[in-house]
Structures are given as C-alpha cells and as structure tokens.
Amino acid sequence: MAPPVTERGLKSVVWQKIKATVFDDCKKEDEWKSVDCFLRDFGSKSENKYKAAYIYFTDFCPDSLFNKIKASCSKSIRRCKEINISFLPLESQVYTLDVPDAFYYCYSPDPSNANGKDAIMEAMADQIVTVCATLDENPGVRYKSKPLDNASKLAQLVEKKLENYYKIDEKSLIKGKTHSQLIIIDRGFDPVSTVLHELTFQAMAYDLLPIENDTYKYKTDGKEKEAILEEDDDLWVRIRHRHIAVVLEEIPKLMKEISSTKKATEGKTSLSALAQLMKKMPHFRKQITKQVVHLNLAEDCMNKFKPNIEKLCKTEQDLALGTDAEGQKVKDSMRVLLPVLLNKNHDTYDKIRAILLYIFSINGTTEENLDRLIQNVKIENESDMIRNWSYLGVPIVPPSQQGKPLRKDRSAEETFQLSRWTPFIKDILEDAIENRLDSKEWPYCSQCPAVWNGSGAVSARQKPRANYLEDRKNGSKLIVFVIGGITYSEMRCAYEVSQAHKSCEVIIGSTHILTPKKLLDDIKMLNKPKDKVSFIKDGE
C-alpha cells in the first residue's frame with residue numbers, strides 16, 4: 001500500500017506517520033489484523049478467534065481502558081501504541097477535528113449545557129495536541145482575548161496538555177518550545193466572511209451546489225456521474241482558489257492544448273465537444289475527464305450565479321466594505337439593502353445573508369429597526385438566524401459602542417469588483433508572521449517562542465543575527481484553530497499567505513468546515529434545547 005503521489009503537506013505527514021507506526025510494524029511481523037472488538041474476541045483462550053492483536057489508538061488511551069485491556073488479553077497483544085492522530089487532514093494545509101456539535105456547546109446560552117461544553121473543550125484540546133505532535137511542534141500558544149472567553153479557556157487547556165504530552169513522550173526530542181505558534185480564535189471574529197457570496201471556485205461551488213462529502217454529481221453525455229473533489233486531482237488543486245472568471249477562461253484553454261495536436265475540436269469548447277473528443281482520443285481520456293468535471297462544475301456555478309447572485313454580490317460587497325467599487329463611501333446602508341429585500345427572486349437565505357451584512361456594516365442595530373426588517377421580509381420563523389449571532393459575541397441589538405476593528409488597506413491590490421472583500425483571517429495571519437499582533441489583544445498563555453518574540457525588525461546600527469534569520473527561513477509554522485468552523489475562503493487565505501511568506505507555513509483548522517446555509521441553520525438552533533436540536537437534525 002502506498003500513498004498517492006500527489007499527497008501534500010499535512011496529509012502526507014499523517015500518512016507517513018500511520019505507515020511508519022502501523023503498517024511497517026505489521027510487515028515486520030508478517031501478520032496483520034486490526035481487532036476493533038478485541039475484548040470480545042479474546043474473551044477466553046478457548047474462544048480466541050485470532051493468534052494475536054495489534055491495537056493502535058489515534059489519541060491518548062486512558063489508564064482505565066489500558067488496564068482493562070491488559071487484564072483481559074495482555075498475552076495476545078503483539079503491539080499496543082498511541083499514534084496521536086485524532087483529527088482529519090482534509091487538505092495539505094487544512095485539518096478539522098470533525099466535531100460540528102462543538103458549535104452548539106460552545107455558543108448555546110443554555111446553562112444546562114455547561115458539562116457538555118467542558119467535555120467538548122477537553123476533547124478538542126486533546127485533538128489539537130495531536131495536530132501539534134504530528135507536526136513535531138511544541139508551539140507557543142496564544143489566543144484572541146475578546147469578546148468571549150472560549151479561546152482563552154481552550155488555549156489554557158491546550159498549553160497544559162502540550163506540556164504533559166512532551167513530558168511523558170520519551171521518544172520525542174522536543175522538550176522546549178519550537179519555532180512555531182498556535183493561535184486560537186472564536187468564530188465571531190469575522191462574521192462577514194461566513195455569509196458573503198464568495199466567487200473563488202471552491203468556495204463558490206460548495207456554497208451554491210449540493211456537494212456532500214466532497215462528492216460532485218453531474219451529467220455528461222447523457223449519463224449521471226460522480227467526481228470527488230480532492231487533492232489527488234492536480235487540476236483541482238491548481239484552480240480551486242482562482243476566481244470563477246479565471247477558471248472559465250482557463251479550462252477551455254487547457255482543453256484546446258490537448259485537442260490541438262489532433263485538431264479534434266474547433267472554436268469554443270463545449271461539453272458535447274469534449275465528450276466526442278474522449279471517444280476519438282481514448283489515450284487522453286484521463287486528462288479530458290478532469291477537464292469535463294471542472295467545466296461542468298464551473299458551468300453549474302454560473303447557472304446559479306447569473307440569474308440572481310450576480311446582482312446580489314454587488315450589494316454584499318458594498319455593505320461588507322462600506323465603499324462601492326469606485327471607492328466611494330456608502331452613505332446609507334439601508335438604501336443599498338432595500339433592493340435585495342424587495343426582489344422576489346432572492347430566496348429567504350440570501351435575504352437573511354444580506355440583512356446580516358447590513359447589521360454587521362453598522363455594528364449592530366436597534367430592536368425597532370430589526371423588527372421592521374424581519375416583518376417586511378416575512379422571516380419571523382427564521383429570525384433567530386439573525387438574533388442568535390449575539391451568542392457569538394457579534395453586535396446585533398443594540399448597536400455596539402465600540403468601534404469596528406481596523407482593516408488593512410488593500411485598495412491597491414488587483415481584484416475583481418464583485419470580490420473586493422478579504423477575509424479577516426488574512427490580516428491576522430500576515431500580522432502574526434510579521435510579529436505585529438497586539439500582545440494585549442492576542443496574549444500568549446505560554447512562553448513566546450524566540451522566533452516570534454519582538455517586532456522582527458532590526459536596528460540599522462545592528463547587524464541581523466544570522467541564526468535568527470535562518471530560524472525564520474527553516475520552516476517555522478503558524479498553526480491556527482478557529483472554534484466553530486472555518487470557511488473555504490479562509491482556507492484559501494492560508495495557502496495565499498504561505499505562498500507570499502516562504503519562511504512560514506500556515507496550517508489552518510477548526511471543529512468543522514462551514515458553508516453559509518449550514519451555518520445559519522446552526523445559528524438558528526443555538527437557543528433551542530439540545531434534545532430538540534438533535535431531533536430536528538435527525539429529521540432533516
């Protein structure tokens with residue numbers, strides 16, 4: 001068994017760890033059997049189904065469980081190891097803990113959930129430690145201090161568990177802090193990026209199309225087909241973070257490059273022409289199949305975009321940025337919002353997303369104004385999708401007296417008019433790498449790694465220390481964890497910042513991956529009892 005040749009980054013690290021820890025062990029013994037129910041299978045010598053058992057824990061095995069295994073079948077155990085991979089490496093620089101329920105427990109106001117929240121926080125801390133251990137890092141841990149205390153509590157737990165982990169891990173050479181840092185953030189730090197229509201390929205596709213478990217269903221040549229959107233597909237990796245306008249230009253160009261050698265197609269590349277080309281040129285089938293998948297995907301996105309979303313995007317960008325495409329300040333946000341609310345072609349979710357952007361833009365509103373908006377759009381039954389944002393520390397009602405956080409000036413950056421917004425996480429990542437995060441707003445709960453200590457600037461009278469500069473060059477990592485989900489646009493920012501700052505690799509993760517509709521559904525449930533939330537989700 002070998003890993004796909006295209007596996008990158010974090011996914012590659014995880015694969016190598018599993019291979020070295022599990023498969024290589026079994027190969028040495030010329031015998032391999034993983035026994036999930038080994039306690040039952042090794043009930044007694046007469047009932048043993050197997051000669052031996054190999055047991056691997058993805059994270060820490062509690063003493064009570066270990067002692068129970070030891071008492072039941074210790075003589076039959078050939079290997080028992082903890083490999084510390086209690087997370088999912090979704091992409092080369094993206095991971096999740098796969099605990100979407102954490103969103104409810106961390107942000108629900110119901111006091112009866114306190115024990116559940118504590119348990120979730122402990123479990124998340126354990127999982128985050130396995131991310132760090134897999135990367136061979138003992139990072140300095142810091143967090144966003146306000147407005148909620150979730151990030152602070154989780155950061156303290158992670159720091160304590162990191163310290164304990166490296167104390168008892170006898171094989172590890174890592175004892176002190178490494179040259180990396182871990183930043184923990186609450187989801188409310190950037191509400192705008194969670195509801196805005198994003199027009200880069202991956203984010204747009206997952207927002208507008210019914211893609212489940214990374215599986216895209218499409219029709220070609222009259223047949224229903226499925227494709228997995230994953231990093232084994234080099235073309236997907238190449239274009240997933242590009243703007244849809246660029247993707248629509250690039251895929252036909254690639255097709256023409258393939259077909260030009262045989263002059264099999266002429267003029268504009270269409271899906272039917274590609275299907276015919278596959279029949280005529282079977283040796284190019286694999287290459288062309290990828291093009292067909294992504295051309296279908298792009299066209300499906302545009303079919304959703306053109307009728308209604310295109311006009312909506314201009315409004316969203318103006319509200320999010322507070323300026324129009326010409327850079328003029330928006331004087332009346334309500335006047336910008338009203339055409340969206342009056343348009344019968346926009347569905348309820350899109351209108352709610354626009355209302356939220358309006359409220360975010362003015363940093364909260366009055367109860368009277370919010371009631372009027374809800375009644376006029378007739379979304380009384382969905383009003384909690386708006387009101388419950390307050391549980392994430394986002395100003396909804398009444399207006400906040402504190403000013404909105406300052407943003408970097410990116411007006412000089414080249415961009416598309418309908419994609420002027422930059423997720424807040426990009427500012428944070430860049431400031432962290434350049435040592436510009438305010439230590440009061442982003443305090444450490446551990447020793448600050450030397451590489452990240454100070455401004456990073458060197459006095460003109462002082463020569464830069466060679467070892468300091470080398471430390472920055474030699475693969476320091478910035479690990480980010482967002483409590484309550486990350487968006488595809490935020491995932492994209494991790495790659496962009498890593499590309500721009502070669503000295504530091506950004507690894508970003510969360511409890512789960514968000515799409516706007518799923519997030520609004522989860523927001524709506526925050527003030528409901530947990531048993532009702534479970535019932536509603538099961539019945540969907």
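Here are a few things to note about the model shown:
- Cα gyration tensor shape of region 150-254, rounded if a/c is under 1.5, else prolate or oblate by comparing a/b with b/c: prolate
- Prolate/oblate/rounded call for region 316-375, Cα gyration tensor, a/c under 1.5 rounded: oblate
- Residues whose amide H falls under 5 Å from that of Ile77, counting only those 5 or more places apart or on a different chain, are Ala53, with hydrogens built in the peptide plane.
- For region 291-380, GluC sites (Glu not before Pro) are listed when DSSP marks them as loop and at most 14 other Cβ atoms sit within 10 Å of their Cβ; the list is Glu326.
- Restriction of the GluC sites (Glu not before Pro) in region 125-227 to DSSP coil positions whose beta-carbon has at most 15 other beta-carbons within 10 angstrom yields Glu170.
- The portion of the accessible surface of region 296-374 made up by carbon and sulfur, rounded to a whole percent, is 48 (1.4 Å probe; DNA, RNA and ligands excluded).
- Our estimate of slack between Glu224 and Asp521, defined as 0.36 nm per intervening residue step minus the Cα-Cα distance, is 103.9 nm.
- Above-threshold pairs, the threshold being 19 Å between Cα atoms, out of Lys329/Lys408; Lys219/Lys253; Lys117/Lys528; Lys217/Lys344: Lys219/Lys253; Lys217/Lys344
- Region 80-210 - percent of accessible surface contributed by carbon and sulfur, probe 1.4 Å: 52 percent
- The trypsin sites (Lys or Arg not before Pro) of region 473-513 that DSSP puts in a loop, and whose beta carbon has at most 10 other beta carbons within 10 Å, are Lys502.
- Applying 1/(1 + (r/R0)^6) with R0 = 25 Å to the Cβ-Cβ distance of Lys70 and Ile168 gives a FRET efficiency near 0.90.
- Average accessible area per residue (Å²) across region 53-140 - probe 1.4 Å, nucleic acids and ligands excluded: 43 Å²
- The alpha carbon gyration tensor of region 480-519 gives principal lengths a ≥ b ≥ c with a/c of 1.5 or higher and a/b no greater than b/c, which makes the shape oblate.
- A simple spin-label model places pseudo-atoms 7 Å from Cα toward Cβ; at Ala123 and Glu367 they are separated by 3.7 nm.
The values are calculated or read from the model by the stated rules, or taken from the named source; none is laboratory data. Every value quoted in this text rests on a predicted model; they were computed, and no experiment measured them. Cβ sites come from the backbone with ideal geometry, for glycine too, and all protein chains shown count toward neighbours. Calculation scope for accessible area: heavy atoms of the full protein, side chains included, ligands and nucleic acids excluded. Shrake-Rupley method; radii C 1.70, N 1.55, O 1.52, S 1.80 Å.
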